[in-house]
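Scroll down for the structure; my scribbles are underneath it.
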Amino acid sequence: MVNGDARTRILDAAEELFAGGGYEATPTSVIARLAQVPKGLVFHYFPRKIDVLVALVDERTLVEEGREVDAVPGDPAGTLSRLARGLPLRASPAMRRILFREADTHGSVRERLGRLNGELIRRARFALGLALPGARGDAARLEVAAATFAAVLLYQETLCQLTGHQLDPDAVAELIAHSLA
């Protein structure tokens, strides 16, 4: 067994268990059992259980850099739709559940969730500003539209879990664009 593989299995197991039952309800012995490693190996990689959660959040949730916004002036709905499809948001549905569940009790999780949300808002605001060059003077409306769109992107897994309905980002983009018209 390669050590890196064991660490990855530990994080995979923790992600599954934390998403299912929560951080507090998950003993490290259960993480070790699911990862098929000795419990001591969990503590070798992660001296405390909280270190497993911090590593998960730090390593498995981010908005990757480097993509240009594909904005078309006069087409805010299409611009937001392309942003949603091309957004390199790396956070599995399980990680999103962990973020929302643990943000209330763990400051590092709350901070990461805030940074993800802020980056999504920033990108949506920038895209809308390019798509609606005349609307830049109405910064408050663009901010609300960007925040709404970012919330849908980030919270869609939670909303789907609560309501049983998947939100279509294209329909949300149309709705937001219509509200800005």
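The values are calculated or read from the model by the stated rules, or taken from the named source; none is laboratory data. This structure is a prediction, so every number in the text was calculated from the model and none was measured. No Cβ is skipped: glycine too gets one built from the backbone with ideal geometry, and neighbour counts run over all protein chains shown.
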*Based on what the data block shows, is L153 closer than 16 Å to R60 by Cα, within 11 Å of the chain's Cα centre (by Cα) and part of a helix (DSSP H, G or I)?*
no
*Which of the residues spanning the stretch 10-32 are part of a helix (DSSP H, G or I) and loosely packed, with under 14 Cβ neighbours inside 10 Å?*
G20, G21, S29
*asked:* Just to check your reading of the model, which residue among A103, A94 is free of Cβ contacts under 8 Å to residues at least 12 places away in the same chain and closer than 26 Å to A19 by Cβ?
replied: A103
*Taking G118 as meeting all but one of (1) touching a residue at least 24 places away in the same chain (Cβ under 8 Å); (2) more than 21 Å from E16 (Cα to Cα), write down the number of the exception.*
(1)
*asked:* Can you go through R110, R97, R101 and tell me which one is of a type in the set (K, R), within 10 Å of the chain's Cα centre (by Cα) and either more than 17 Å from P169 (Cβ to Cβ) or not assigned by TED's automatic domain parsing to the domain that holds D138 (or both)?
replied: R97
